[in-house]
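Let me begin by presenting the structure, written as structure tokens, before commenting on it.
No lab work stands behind these numbers, since they all come straight from the coordinates. Remember, predicted model here, so these are calculated numbers, not experimental data. With ideal geometry, Cβ positions are generated from the backbone for all residues, glycine too; neighbour counts draw on all protein chains shown.
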């Protein structure tokens, strides 16, 4: 591997200096922009929160708490904390180079990047993730869920095609939706919960090692593995976050042009074929780097960790209150049918407060579904376009915006066809394989992160040892649980 | 006396607070306590407006969590207590202290959501204020947001 320890200075002119990372094109040395002046609350983490706060927080973990007690939440604490560290490490490479983690993976070993390219297509083209939100909307309005899902898909395509700069539209839209979600769940929890609920929920997070015998069964262990994978962002969502960081102009991403909607594709500047590096030997540049790290750490801790915790604690408190009011909820939630369980929770919430409370509960499930769909379709298209543009021969004849639109409309049209004529989650014969790949990708990106950050970055900005230990633990956590479930119970992920 | 300049800065916080109050109060409205909506929306809106005024007067820095968290830590439980005193939903059955402690915990989550929405509304509101007439406090605050955005 042709990786230098420090930038190679060929001439005193800054433009000529490069950082060699792997066998791909070296990165020119450029100035790192100044970090935001204060720890500002709004950043690209909004995408990760939108993608991350999903069924894991609103359904899977409240369900496990009702079944096994609040002590099971220690696994959630580990899962979300691990994801916060993964987020910081993903940001390290993206902010230092302006490249996505996919490009970083290609610098280490190109087939690694193609593995993620293939997994993304296999796992994320199925529109099944739309069903929970659309089904909740059907409960409220009576409109069949397939109609909502197809309309939603077309709307997503139109909005992202007409937008001048896609990042701005998406950030504004998701910010308002997530703001409403956070205030709403806090207010509902304030109305229906009690001190005892929240104490048991929080103390449960510190019952490290608690696993009741029934949790270690073929029926429930795979469900727990799935819930751990869905604590915070799941599958490839963390990898896509690096694309949002770049497009928001964070760190060296400021040197990369932004992706535009199809209607404004002609205004897009030429996309460089590689990222940039800053001079890590210059103390002034390193001071700016520390500013960027503070900025992203604030995002990881308060926004990502805080909001994910808040939403899941709120939904758990709501579920506990619902089960108190109506013991039937416990029975309903034990079943495999997610829609039936969510509907039972909404009914119980209604009987605890008023019929409107149940509607509000379902409204938030629909809102979570909408957030995830908006984020997922954009991120998938962004990731695939990035890899295609940089690594498929001849693709640079097109603009990045055209590739983005191609993947976006491809996944939308495929999604509509499947919603109307096929199995929404994917063919039943490959469901286990898809679930396996989704969790396997999480273990694989931990390994990729270790390789990329420790081999492709200059020494002064490489991760600290403790960070490497945590990411290494992440690889063992995801892959270990996945393979244990497969070997011990013959089941992949529930 | 509170000046027009300060009141103008209070508007975004007032709107977010009122919105959250109406959201929650609406639930009690349908549960048969018609006063619930007003008695939660009113204090939340007032405290939300106070946040905006404190931003304009200097002690609070825009976009940072700690001031918003500190303000809502007592303000949210007090608002809920006011609501329960006028239109009870039975939440005080376990006693006032456990009730206040629980509401204080929830307030931190509420503060994140409040700040998130406030930061979205405030800059565009300040642009409108500038277009309407001279307000030095609003101009200073707007300059801060512009600096943050350009960075």
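Tabulated data for the structure shown
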{"read-out": "Residue B:140 paired with residue B:70, simple spin-label distance in nm, labels 7 Å along Cα-to-beta-carbon", "value": "1.8"}
{"read-out": "Net lengthening on full extension, residue A:473/residue A:158 (0.36 nm per residue, minus Cα-Cα)", "value": "109.2 nm"}
{"read-out": "Mean-position separation - Cα centroids, the stretch B:84-151 and the stretch A:287-331, in angstrom", "value": "19"}
{"read-out": "Test item: A:191-198 mean partner chain Cβ contacts at 10 Å", "value": "6"}
{"read-out": "Distance between modelled label sites at residue A:285 and residue A:421, nm, 7 Å Cα→Cβ extension", "value": "5.5"}
{"read-out": "Calculated FRET efficiency for the pair residue A:402/residue B:3, C-beta based, R₀ 51 Å, to 0.05", "value": "0.40"}
{"read-out": "Average beta-carbon neighbours from other chains, 10 Å sphere, peptide B:96-105", "value": "4"}
{"read-out": "Pairwise Cα inverse-distance average, inverted: Kirkwood Rh of the stretch A:40-489 (Å)", "value": "22.4"}
{"read-out": "The stretch A:61-150: Rg to Rh, with Rh as the Kirkwood radius over Cα pairs", "value": "1.13"}
{"read-out": "Helix B:65-86 axis, angle to chain B major axis (alpha carbon atoms, nearest 10°)", "value": "40"}
{"read-out": "The stretch A:376-485 shape via C-alpha gyration tensor axes, a/c threshold 1.5", "value": "oblate"}
{"read-out": "Difference of contour (0.36 nm per residue) and Cα-Cα distance, residue A:301 to residue A:459", "value": "54.4 nm"}
{"read-out": "Spacing of the two label points (7 Å from each Cα toward its C-beta) at residue A:121 and residue A:196, in nm", "value": "5.6"}
{"read-out": "Convex hull of chain B built on C-alpha atoms - directionally averaged projected area, nm²", "value": "9.6"}
{"read-out": "Shielding of A:174-180 by partner chains, average beta-carbon count, 10 Å", "value": "4"}
{"read-out": "For peptides B:13-19, A:201-207, sequence by mean Cβ density within 10 Å, most packed first", "value": "B:13-19, A:201-207"}
{"read-out": "Relative packing of A:231-243, B:107-119, A:66-78, which averages over residues the other C-beta atoms within 10 Å, highest first", "value": "A:231-243, B:107-119, A:66-78"}
{"read-out": "For the stretch A:170-238 versus the stretch A:112-158, the gap between their alpha-carbon centres in whole angstrom", "value": "22"}
